[in-house]
1. For the chain, what is the largest minus smallest coordinate of the Cα atoms on each principal axis, given in angstrom and ordered from greatest to least?
2. Please turn the phi angles of the range 132-139 into ³J(HN,Hα) values with the Karplus equation 6.51 cos²θ - 1.76 cosθ + 1.60 (θ = phi - 60°), one per residue in order, whole Hz, x for glycine and proline.
3. What list of ³J(HN,Hα) values in whole Hz, one per residue of the range 13-28 in order, does the Karplus curve 6.51 cos²θ - 1.76 cosθ + 1.60 (θ = phi - 60°) give from phi, with Gly and Pro shown as x?
4. Once Lys and Arg get +1 and Asp and Glu get -1 on their Cβ, which of Gln5, Tyr138, Ala59 lies farthest toward the positive end of the dipole of the range 3-141?
5. Given charges of +1 on the Cβ of Lys and Arg and -1 on the Cβ of Asp and Glu, with all other atoms neutral, how large is the dipole of the chain about its Cα centre, in debye to the nearest 20?
6. Extension gain Arg85-Met1, at 0.36 nm per residue separation less the Cα-Cα distance, in nm?
7. Under a crude label model (7 Å from the Cα following the beta-carbon direction), how far is Glu38 from Ser125 in nanometres?
8. With r defined as the distance between the Cβ atoms of Ser54 and Leu21 and R0 fixed at 22 Å, what FRET efficiency is calculated, to the nearest 0.05?
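Rule-based calculations on the coordinates, nothing more; no lab input. Values in this document were obtained by computation on a predicted structure and should not be read as measured data. Please note: Cβ atoms are built from the backbone with ideal geometry, for glycine as well, and neighbour counts cover all protein chains shown.
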Amino acid sequence: MNRIQAVEAKDMARVAEIYNLSRAPVACFGDRTIVVEEMIRLTQGERIYLAFHSGDDIAAGFISVWRGDNAFIHHLYTAPEFQGRGIASELLAFCIDTYGLPVSLKSVEKNTHACRFYETYGFRSESTAIGEEGRYHYYWLRRVPVSDGLGSRGSSCQIKPA
């Protein structure tokens with residue numbers, strides 16, 4: 001199990017670093033990087049949480065959530081050296097436990113790895129649009145695709161692939 005905690009101001013440099021490192025190998029994002037001040041601007045009004053890989057004191061991934069009528073995941077990234085270790089899955093489960101359902105997000109269509117990841121966990125594309133980085137999907141998770149009722153507030157959601 002990884003430790004998840006709210007971001008503090010001192011953590012924003014690592015958040016920006018994870019953002020840049022995670023997007024660099026994905027062709028649809030180009031080679032643009034951001035600095036800490038821009039990351040702060042991009043996530044203004046959102047709650048940001050860092051995941052620390054068990055046994056390490058290094059932030060391995062983060063999620064930023066904007067809370068309106070439902071939780072909207074604006075960013076979910078795992079540093080490349082920690083990918084495939086369940087970090088993003090635990091951050092999704094944390095989001096569901098903290099904010100409840102439904103949860104929505106958008107993902108660039110050309111980022112096929114991310115789209116497959118979300119679809120594996122039960123997110124469904126309900127609409128598409130064209131943005132700065134190309135066509136994207138608006139994904140929704142309206143219920144957790146497991147039979148034991150996980151995902152309600154106060155539970156210990158262990159989100160699993162559908």
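1. 42, 39, 29
2. Per residue, the Karplus-derived 3J(HN,Hα) values read 4, 9, x, 5, 9, 9, 8, 9 Hz.
3. Calculated HN-Hα couplings, in order: 5, 5, 4, 5, 5, 4, 4, 5, 5, 6, 7, 3, x, 9, 4, 5 Hz.
4. Among Gln5, Tyr138, Ala59, the one farthest towards the positive end of the dipole of the range 3-141 is Tyr138.
5. Dipole about the Cα centre, nearest 20: 420 debye.
6. 29.2 nm
7. 2.7
8. Efficiency computed from Cβ-Cβ geometry: 0.60.
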